[in-house]
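Colleague: Shown below is the structure under consideration.
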Amino acid sequence: MLSKKEKPLIAFTVEKCPSCKKETKRKFKEGDCLFAPGMQCDSCKTLTSIAKIFGQAIE
Ligand SMILES: [Zn+2]
């Protein structure tokens, strides 16, 4: 019988700036959903949108 130990997952959100294409990875926040508007871009102040949400296993 398989007894695979489950690794805890941490969710991350990637926000992408449509203007300068800068991607910012941060920890997932409650309420984040794909293509929702994110924060203002650090470098050009354009409103980013959420490009990716993924879970990463921590060892
Ligand atoms: Zn930008």
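Colleague: Going through the stretch 17-37 one residue at a time, which ones are under 24 Å from Ile58 (Cβ atoms), surrounded by 15 or more Cβ atoms within 10 Å (Cβ to Cβ) and within 11 Å of the ligand (Cβ to nearest atom)?
Modeller: Thr24
Colleague: Among the listed residues Ser43, Ser49, identify the single one that is within 16 Å of the ligand (Cβ to nearest atom), at pLDDT 95 or above and not β-branched (Val, Ile, Thr).
Modeller: After ruling out the rest, the residue left standing is Ser49.
Colleague: For the chain, please list each of the strands (runs of 3 or more DSSP E) lying entirely inside it that holds at least 3 residues being basic (Lys, Arg). Give the derivation first.
Modeller: On the way: elements: 9-16, 23-27, 37-40, 47-57.
Counting at least 3 such residues, we get 23-27.
The values are calculated or read from the model by the stated rules, or taken from the named source; none is laboratory data. Not measured: the values here are computed from a predicted model. Note: ideal-geometry Cβ built from the backbone for every residue, glycine included; neighbour counts use all protein chains shown.
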